[in-house]
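Undergrad: Below you'll find the structure I mean.
The values are calculated or read from the model by the stated rules, or taken from the named source; none is laboratory data. Computed from a predicted model, the values in this text were never measured in an experiment. Every residue, glycine among them, receives a Cβ derived from its backbone with ideal geometry; neighbour counts consider all protein chains shown. The protein model used for the area step is the full one, side chains on, heavy atoms only, and it has no ligands, DNA or RNA in it. Shrake-Rupley method; radii C 1.70, N 1.55, O 1.52, S 1.80 Å.
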Amino acid sequence: TPTISDRKRDHLELCADQDVEARAKTNLLDAVELFHSSLPEVDVDAIDLSVEFLGRQLQAPLLITGMTGGAPEAERINRELALVAQEMGLAFGVGSQRAMARDRALLSTYQVRDVAPDICLLGNIGAVQVAAMSTDEVEDLVGSIGADALCVHLNPGQELIQPEGDRDFRGCIDAIARLVEELSVPVIAKETGCGLSPGTLNTLQKIGVGTVDTSGAGGTTWIGVEAMRAPADQQTLGELFWDWGVPTAASIVYARRRDLQVIGSGGLRTGYDAARAIALGADIAGMALPWLRACYHEGAEGARAFGAHCTSALRTTMALTGSATLDELRQAPRMIGPRLERWLAADTCR
Ligand code: FNR
């Protein structure tokens, strides 16, 4: 069986170069058209993108979503992306810290505070792992990298296709509730590409989770990535469920309706996508795959260029909708397409 480090390397290689995104489904941000303003009365260079998030000041409402750790390639990517986050004032998350929980020698592959002392830094661990750990053990994951909050990832879709994946998901709700009570930092409940549904959001809200990361369907599909690694029978299953999940745009609105703090993510590829996620009510916008691809092939320089393009596209969208602030962007006039309207109307279990 492959080690966790082998698996991390497989994941990075596949995501960097293969087609790992949704096929027939979109994240439905394409169903959000913001009205153009021909008379914006906005100075594009004076637009203030800064926002407070989990006790840190961001210079733009963008998160480099947690991806990696636990392998030598992962260390380079984490450090380069964290450095760019520091330079640009963005939030940054590490990938699952499960590998370092098992093997302390891997801790350095997650440590970025020396290059990124001021960023909003998010730790990461799976809900299934949390159910088998003491709060002290989880607290150590947070403390040893100096994280400001902990993402607990929810990924039953991925696990069911992953050859060595978990199959028993009982106890996760209680485990997250315990962490919310006992951990010294905020807990963020995070999907990994299948989106948070109304029912899941109701449960998270009931147990006191304050921040969620939608990671909706329509972007990187972890069911798809695992299908590529799986033996034939699981591969067929992975193909069948490739696009499974709640589209990002719907998940953002469901979470906003419940007054949760929202990281809108899942298939965002440009600053224009980030703007539409924020217009739907996200506090900040998260992206994973485009940052990985920029950094994997072109290092910190590639990531810097991608980040600069993102902020200028976000600013441009704001100027062209007459939005001088992020709050005005959230109020910007829009047309919502019929497919997204139907997802929004299906939110009946409030
Ligand atoms: C991820 N993602 C992820 N999520 C998580 O909570 N823990 C993890 O360890 C990882 N690992 C990981 C590796 C790589 C290479 C990628 C591309 C992604 C999921 C990620 O945070 C995000 O939720 C999804 O990828 C959806 O966003 P994008 O990629 O469509 O922008």
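Undergrad: With a point put 7 Å past each Cα toward its Cβ, work out how far residue 50 is from residue 173 in nm, to one decimal.
TA: 4.2
Undergrad: Percent of alpha carbon pairs in the stretch 213-350 separated by more than 26 Å? Don't skip to the answer; put the middle values down first.
TA: Details: 3107 of 9453 pairs.
Value for the stretch 213-350 (Cα pairs over 26 Å): 33 percent.
Undergrad: Using a 1.4 angstrom probe on heavy atoms only, work out the carbon and sulfur share of the accessible area of the stretch 282-350 in %.
TA: On the way: 1830 of 3290 Å².
Roughly 56 percent of what the probe reaches on the stretch 282-350 is carbon or sulfur.
Undergrad: List the lysines whose Cα lies under 27 Å from the Cα of residue 25, skipping any in the same chain that are fewer than 8 positions away.
TA: 8, 190
Undergrad: I would also like to ask the following. Can you tell me the relative contact order of the chain? Whole percent, Cα pairs under 8 Å, sequence separation 6 or more.
TA: Details: 741 pairs, mean separation 79.8, N = 350.
It rounds to 23 percent for the chain.
Undergrad: Is there a quick way to get the dipole size of the stretch 98-189? I mean about its Cα centre, with the Cβ of Lys and Arg at +1 and of Asp and Glu at -1; what is the value in debye to the nearest 20?
TA: Values: 7 positive and 15 negative charges, 42 e Å.
The dipole of the stretch 98-189 has a size of about 200 debye.
Undergrad: Between 3, 107, 93, whose Cα lies farthest towards the positive end of the dipole of the stretch 1-153 when Lys and Arg beta carbons carry +1 and Asp and Glu beta carbons carry -1, centred on the Cα centre?
TA: In the stretch 1-153, that residue is 3.
Undergrad: Still on this model: I want the antiparallel fraction of DSSP beta bridges within the chain, as a percent rounded to 5.
TA: Numbers: 7 of 33 bridges.
The antiparallel proportion sits near 20 percent.
Undergrad: Over the chain, average the accessible area per residue using a 1.4 Å probe and give it in Å², no decimals.
TA: Numbers: 14130 Å² over 350 residues.
Accessible area per residue, the chain: 40 Å².
Undergrad: About its Cα centre, how strong a charge dipole does the stretch 156-268 have in debye, to the nearest 20, once Lys and Arg get +1 and Asp and Glu get -1 at the Cβ? All intermediate terms of the calculation are to be shown ahead of the outcome.
TA: Numbers: 9 positive and 14 negative charges, 93 e Å.
Taking the Cα centre of the stretch 156-268 as origin, the dipole is about 440 debye.
Undergrad: For the chain, what is the charge dipole size about the Cα centre, in debye to the nearest 20, if Lys and Arg each add +1 at the Cβ and Asp and Glu each add -1 at the Cβ?
TA: Working: 31 positive and 47 negative charges, 129 e Å.
About 620 debye.
Undergrad: What is the percent carbon and sulfur in the accessible area of the stretch 133-260, measuring with a 1.4 Å probe over the protein chains and ignoring ligands?
TA: Values: 2510 of 4800 Å².
Looking at the stretch 133-260 in its full context, I get 52 percent from C and S.
Undergrad: What distance in nm separates the simple spin-label points at residue 259 and residue 43, each placed 7 Å from Cα in the Cβ direction?
TA: Result for the modelled spin labels: 3.7 nm.
Undergrad: Let me ask you something else. At 0.36 nm per residue, and after removing the present C-alpha to C-alpha distance, how many nm does the segment from residue 18 to residue 228 gain when stretched out fully? Numbers along the way, then the final one.
TA: Values: separation 210, 0.36 × 210 = 75.60 nm, distance 0.95 nm.
Taking residue 18 through residue 228 to full extension adds about 74.6 nm, to one decimal.
Undergrad: How much length, in nm to one decimal, is gained on full extension between residue 144 and residue 182, taken as 0.36 nm per residue of separation minus their Cα-Cα distance?
TA: On the way: separation 38, 0.36 × 38 = 13.68 nm, distance 1.73 nm.
So the extension gain works out to 12.0 nm.
Undergrad: Let me ask something else. How much net charge surrounds residue 165 when only the other residues with a Cβ under 10 Å from the Cβ of residue 165 are counted, with Lys and Arg +1 and Asp and Glu -1? Could you put the intermediate results ahead of the total?
TA: On the way: positive: 167; negative: 159, 164, 166, 226.
Net charge around residue 165: -3.
Undergrad: Roughly how many percent of the accessible protein surface of the stretch 28-75 is carbon and sulfur, given a 1.4 Å probe and a whole-percent answer? Before the final figure, lay out the partial values.
TA: Working: 1120 of 2380 Å².
The computed percentage sits at 47.
Undergrad: Taking a quarter of the surface of the convex hull around the Cα atoms of the stretch 163-258, what do you get in nm²?
TA: Working: hull surface 27.2 nm².
Hull-based average projected area comes out at 6.8 nm².
Undergrad: Quote the convex hull volume per residue of the chain, based on C-alpha atoms, as a whole number of Å³.
TA: Numbers: hull volume 43.1 nm³, N = 350.
Per-residue hull volume (Cα only) is 123 Å³.
Undergrad: Once the other residues with Cβ under 9 Å from the Cβ of residue 279 are scored (Lys, Arg +1; Asp, Glu -1), what is the net sum?
TA: Working: positive: 276, 330, 334; negative: none.
Net charge in that neighbourhood comes out at +3.
Undergrad: Oh, and also: What is the gain in length, in nm to one decimal, between residue 59 and residue 269 on full extension, counting 0.36 nm per residue of separation less the C-alpha to C-alpha distance?
TA: Working: separation 210, 0.36 × 210 = 75.60 nm, distance 1.92 nm.
Fully extending the segment from residue 59 to residue 269 adds 73.7 nm.
Undergrad: Moving on to the next point. Hydropathy at least -1.0 by Kyte-Doolittle, axial extent at least 30 angstrom from the Cα trace: which helices of the chain, defined as entire DSSP H runs, fit?
TA: Span-like helices here: 289-320.
Undergrad: Another one. Which value in Å is the Kirkwood Rh of the stretch 153-198 over different Cα pairs?
TA: Details: mean 1/r = 0.0831 Å⁻¹.
This gives a value of 12.0 Å.
Undergrad: Please state, to two decimals, what the Cα-based radius of gyration of the stretch 52-108 comes to when divided by 2.2 N^0.38 Å (N = residues). Write out the running numbers ahead of the final one.
TA: Values: Rg = 12.4 Å, N = 57, 2.2 N^0.38 = 10.2 Å.
Its radius of gyration relative to the 2.2 N^0.38 Å reference: 1.21.
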